[in-house]
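Every number in this text was worked out from the coordinates using simple rules, so none of it is lab data. Because the structure is a prediction, the values reported are computed rather than measured. Positions of Cβ are generated from backbone atoms using ideal geometry, with glycine treated the same way; all protein chains shown enter the neighbour counts.
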Amino acid sequence: MATPEKKFSPVQLVIDLVLCALFFAFFFNVLQPHVPSSEAGMVRLWAGLAAACMTGVFWMAMHMLRVVWRFQRASNR
């Protein structure tokens, strides 16, 4: 049986958190003008909720890409 690869790295976790925070901040700012409300609190709420959903999809896509990348590297060996 092959030895399992290391699946968790603190550096990788920090990189993922920074990328997700940047993605959230970018889409939070992009989505604010598209919220159909004149109340600042509601605009922030709905832009934040939409950006959080999009950040979750980004996080899943990033991890799926990483899994496929590891599989490709392992199959080329």
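The table that follows gives values for the structure above.
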quantity: Residues of the range 41-77 satisfying the condition of being among the small types (G, A, S) and surrounded by 10 or more Cβ atoms within 10 Å (Cβ to Cβ); calculated: A47, G48, A50, A51, A52, G56, A61, A74
quantity: Unique match (being among the small types (G, A, S), over 18 Å from L22 (Cα atoms) and either touching a helix residue (DSSP H, G or I) at 6+ places or on another chain (Cβ under 8 Å) or in a helix (DSSP H, G or I) (or both)) among G56, G41; calculated: G41
